[in-house]
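The values are calculated or read from the model by the stated rules, or taken from the named source; none is laboratory data. Since the model is a prediction, treat every value here as computed from it, not as a measurement. Every residue, glycine as well, gets a Cβ built from its backbone with ideal geometry; the counts of neighbours run over all protein chains shown. The accessibility values were calculated without ligands, DNA or RNA, using every heavy atom of the protein model including side chains. Shrake-Rupley method; radii C 1.70, N 1.55, O 1.52, S 1.80 Å.
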Amino acid sequence: MYSSYRRTLNHRWNSVIDTSQARSFVALAASPRSSSHATNRKSRSVHTNSRLQPAYPGHIPLTPFENGVLAVGSALMSLIDTRRAGKHLIIFYSGYILLTSPLDMVAACGETTAGPTLVKLRDTMLESPEGRRILKEMPRINSQTLDWQKLRSLPENTFGRAYVRWLDACKVTPDSREPVHYIDDPELAYVMQRYRETHDLYHALFGLKVSALPELALKAFEFTNLGFPMTALSLGASIRLKSPQRARLWGEFIPWAARCGSHARCLLTVYWEERWGQDLDEMKKEFGVWDPPAGITIPRPSRIDLP
């Protein structure tokens, strides 16, 4: 039914994926003590299995066994060290052992555990006019595609203004997301990339800070709204919170996330780039979401209604 845009999918994805961090590896284990020595080491060349050819630039095709190893290893390392990157890994690929560069464990875990969830999300997007246009046009969100001057000139309570205010307050950049490597289907790979690049927009929608407690609250929301297993697995990191924070997470923020996320429209079907000028309160009402309990959001400017 939608073959008109799928025929050009490989060409479009080849033009938007970042290949600078493509690597041929599967992660097994990490050693923090070896990171200073490994930083400047490049991966040795390996014999690539002819059965596994990349489907798009940056793609690292895996066998089911390798995917399982990477899923387990990245999940464990994400819990052991909650820093998103900076780990140097001993890796196994096609019978070879070698060292590789730092990898985002959270990103690897998200890709290797996504499975049928990506198919379901793709199909949900296809059922929405807005979602279909996203899949056809494959927009990207980064510092090159955003019109910063326009966003900063928007009225105070618009979503675009809230987004740049959130970026400034939290001192983050839209260019910090890892490219997709381990998802075989180019269309599903884009769905995962879209999720990564819109994650910060969910932060801005609710005004959530980037510390551990609000991040875990948002992961719980994403699990009920989108269904990624990685977002549920990440809640295991709550054991690293202080006791009062952990009590608030499970007593206040998880219930909010469960109700709000299940009630809300699937946020992957939102063409955010067309909604920068939309009133933030109207947007929340349209999407069926509401603010979380107090204590995990950045201060919001007072709204002044002129006569």
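Of 158, 173, all but one fail to be open to solvent by less than 30 Å² (accessible area, probe 1.4 Å), among the polar types (S, T, N, Q) and modelled with pLDDT of 85 or more; the exception is 158.
For segment 208-245, a residue qualifies if it is open to solvent by 40 Å² or more (accessible area, probe 1.4 Å) and touching a Leu at 6+ places or on another chain (Cβ under 7 Å), and the qualifying residues are 212, 245. Of all the residues in segment 185-199, those that are crowded, with 22+ Cβ neighbours inside 10 Å and free of Cβ contacts under 8 Å to residues at least 60 places away in the same chain number 0. Scan segment 204-245 for residues that are part of a helix (DSSP H, G or I), in contact with a helix residue (DSSP H, G or I) (Cβ under 6 Å, 6 or more places away or on another chain), farther than 14 Å from residue 106 by Cβ and not aromatic (Phe, Trp, Tyr) and the total you get is 8.
In this structure, is residue 297 of a type in the set (S, T, N, Q), more than 30 Å from residue 68 (Cα to Cα) and either modelled with pLDDT under 95 or open to solvent by 20 Å² or more (accessible area, probe 1.4 Å) (or both)? So residue 297 passes the test. Which pairs have Cβ atoms under 7 Å, sit 6 or more apart or on different chains, and link a residue in segment 120-136 that is among the acidic types (Asp, Glu) to one that is assigned to a helix (DSSP H, G or I)? Matching pairs, first to second residue: 130/269.
Could you check segment 251-290 and list, in sequence order, the residues that are outside any helix (DSSP H, G or I) and within 21 Å of the chain's Cα centre (by Cα)? Step through it out loud before you land on a result.
We begin by selecting, within segment 251-290, every residue outside any helix (DSSP H, G or I); these are 264-266, 270-271, 275-279, 288-290.
Across segment 251-290, the qualifying residues are 264, 265, 266, 270, 271, 275, 276, 289.
Inside segment 162-177, residues that are farther than 23 Å from residue 269 by Cβ and either in a helix (DSSP H, G or I) or in contact with a helix residue (DSSP H, G or I) (Cβ under 9 Å, 6 or more places away or on another chain) (or both) make up a count of 9. Checked against (1) touching a strand residue (DSSP E or B) at 6+ places or on another chain (Cβ under 9 Å); (2) buried (at least 19 other Cβ atoms within 10 Å of the Cβ), residue 276 passes all but a single condition, namely (2).
Could you list all residues from segment 254-270 that are open to solvent by less than 20 Å² (accessible area, probe 1.4 Å) and of a type in the set (Gly, Ala, Ser)?
Initial filter on segment 254-270 (open to solvent by less than 20 Å² (accessible area, probe 1.4 Å)): 256-257, 260-261, 264, 267-270.
Passing the criteria: 257, 261, 264.
One residue stands out among those in segment 103-116 that are part of a helix (DSSP H, G or I) and within 13 Å of residue 185 (Cβ to Cβ): the one that is most open to solvent (accessible area, probe 1.4 Å), which is 116. Only residues that are outside any helix (DSSP H, G or I) and either open to solvent by 30 Å² or more (accessible area, probe 1.4 Å) or charged (D, E, K, R) (or both) were counted across segment 117-141, and they come to 2. Consider residue 248 carefully, then state whether it is touching a helix residue (DSSP H, G or I) at 6+ places or on another chain (Cβ under 9 Å), in a helix (DSSP H, G or I), in contact (Cβ under 8 Å) with a residue 40 or more places away in the chain and open to solvent by 30 Å² or more (accessible area, probe 1.4 Å). So residue 248 fits the description; yes.
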